[in-house]
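The values are calculated or read from the model by the stated rules, or taken from the named source; none is laboratory data. Bear in mind the structure is a predicted one, so any value in this text is a computation, not a measurement. All Cβ positions, even for glycine, are placed from backbone atoms using ideal geometry, and neighbour counts span all protein chains on display.
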Amino acid sequence: MAFPTETVYGLGADALDEAAVRRVFKTKGRPSNNPLIVHVSGPAMARRVVAEWPRDAQLLADCFWPGPLSIILPKASGVPSVVTADGPNVAVRCPDHPLTLALLRALDGPLVGPSANPSGRISPTTAAHVRESFTPAQVYVLDGGPCTGGIESTVVKLGDEIRVLRAGLITPEAIARVLNRPVLTGSPLTATPESPGQLASHYAPLTPTRLIPASDLSRALHNSTRAAVLSTTDLHVQPPHTLFRMPTDPHAYARELYSALRQADTSGADRIIVISPAPHGASPEDASLWSAIVDRLTRASTPPTQ
């Protein structure tokens, strides 16, 4: 079953049913070392999934839930190890979508919900995107309309230090204000990812994709037969190349990113060229959101390892 959230559509299963969770991994073709996020209806359900619920977690939930923030804490003993890639911690979040909140309350239990697409490919932000990837026999889709956020949730790990492991719509600056504590960014090197979205190649179109500065466009077009170019500015792109104009506002860019990549991927282009958004004079929070977008674009343009 696929369900809508404000970020992307998730591929759902009972988070406490090991066999059901393993079917999600199999359906997606997801590596077993890539942990899942557990979706809950609120703090009360989250407490059934985690071993402890500290004050910092409650402060973040009060401010950002329902919303695109996943909180990593030590897992409860009842959470199958497959959910956390055998790690000791679990990520929980309360999605901001009325249909999925109603589903969670009706089930009275948590759901895993990785993006409802083949592993490593472009995340889905509409029900149609999910249906493009899976047959009705594979995945039943709850259609909740287009996702309003467009990129995956911010993932923050709590403990002696606060660290954002995956950038998203909730910025480190916003988290720091709520907790009145410094917030680190970036992931320390570990053998197994602590959070989804840490693989080098992710969110990727089938068409080879490059992320470049605008100054490199002419050379990139010269090396392409028919390129699809994503840019926030009206660049001089002539047929057979195609320009996909992207929003200059980071929230709108994030909302449209995966749909634009999908359109470019099915346009018949031999290469997708993304002009790296480099806004001047952005506020610190807008700059953090642009950084989250560039993170997705960097992973989308990194070839998978063989």
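Tabulated values for the structure
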read-out	value
Within the range 45-54, tally of residues that are assigned to a loop (DSSP other than H, G, I, E, B) and of a type outside the set (D, E, K, R)	4
Scope the range 145-164; condition on the phi > 0 side of the Ramachandran plot and surrounded by fewer than 24 Cβ atoms within 10 Å (Cβ to Cβ); matching residues	Gly145, Gly159
Residue within the range 275-294 that is at positive phi, of a type outside the set (Phe, Trp, Tyr) and part of a loop (DSSP other than H, G, I, E, B) present	yes
Some residue of the range 55-69 being out of contact with any strand residue (DSSP E or B) (no Cβ under 7 Å at 6 or more places or on another chain), in a loop (DSSP other than H, G, I, E, B), modelled with pLDDT of 95 or more and not small (Gly, Ala, Ser)	yes
Flag if Ser259 is modelled with pLDDT of 95 or more, under 20 Å from Ser153 (Cα atoms) and either within 19 Å of the chain's Cα centre (by Cα) or of a type in the set (A, V, I, L, M, F, W, C) (or both)	yes
Scope the range 138-155; condition of a type outside the set (Ser, Thr, Tyr) and within 24 Å of Ser195 (Cα to Cα); matching residues	Cys147, Gly149, Gly150, Ile151, Glu152, Val155
Some residue of the range 36-44 being in contact with a Pro (Cβ under 7 Å, 6 or more places away or on another chain) and in a loop (DSSP other than H, G, I, E, B)	yes
Selected residue (criterion: surrounded by the most Cβ atoms within 10 Å (Cβ to Cβ)) from residues of the range 72-117 that are of a type in the set (D, E, K, R) and under 30 Å from Pro205 (Cβ atoms)	Arg93
Members of the range 47-65 found to be in contact (Cβ under 8 Å) with a residue 60 or more places away in the chain and either of a type outside the set (Val, Ile, Thr) or under 24 Å from Glu173 (Cβ atoms) (or both), listed by number	Arg48, Pro54, Asp56, Ala57, Leu59, Leu60, Cys63, Phe64
Hits in the range 151-175 (condition: over 23 Å from Thr298 (Cα atoms) and in contact (Cβ under 8 Å) with a residue 12 or more places away in the chain)	Leu158, Glu161, Ile162, Ala174, Ile175
Any hit, the range 261-271, residues being touching a residue at least 40 places away in the same chain (Cβ under 8 Å), crowded, with 18+ Cβ neighbours inside 10 Å and in contact with a Lys or Arg (Cβ under 6 Å, 6 or more places away or on another chain)	yes
Top-ranked residue in the range 84-112 [being over 28 Å from Pro146 (Cβ atoms) and hydrophobic (A, V, I, L, M, F, W, C); ranked as modelled with the lowest pLDDT]	Ala85
Qualifying position, being modelled with pLDDT under 95, within 15 Å of the chain's Cα centre (by Cα) and either of a type in the set (D, E, K, R) or buried (at least 19 other Cβ atoms within 10 Å of the Cβ) (or both), among Arg299, Arg219	Arg299
Search result, residues across the range 97-133 that are hydrophobic (A, V, I, L, M, F, W, C), in a helix (DSSP H, G or I) and in contact (Cβ under 8 Å) with a residue 40 or more places away in the chain	Leu99, Leu101, Leu103, Leu104, Leu107, Ala127, Val130
Subset of the range 195-248 [polar (S, T, N, Q) and assigned to a loop (DSSP other than H, G, I, E, B)]	Ser195, Gln198, Ser201, Thr207, Asn223, Ser224, Thr225, Thr232, Thr233, Gln238, Thr248
Residues located in the range 223-241, provided they are at pLDDT below 90 and crowded, with 20+ Cβ neighbours inside 10 Å	none
Complete set of residues in the range 242-256 that are surrounded by 15 or more Cβ atoms within 10 Å (Cβ to Cβ) and of a type in the set (S, T, N, Q)	Thr242
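Conditions (1) at pLDDT 90 or above; (2) surrounded by fewer than 18 Cβ atoms within 10 Å (Cβ to Cβ); (3) of a type in the set (D, E, K, R), marked per residue:
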residue	(1), (2), (3)
Arg166	yes, no, yes
Arg181	yes, yes, yes
Ser195	no, no, no
Thr207	yes, yes, no
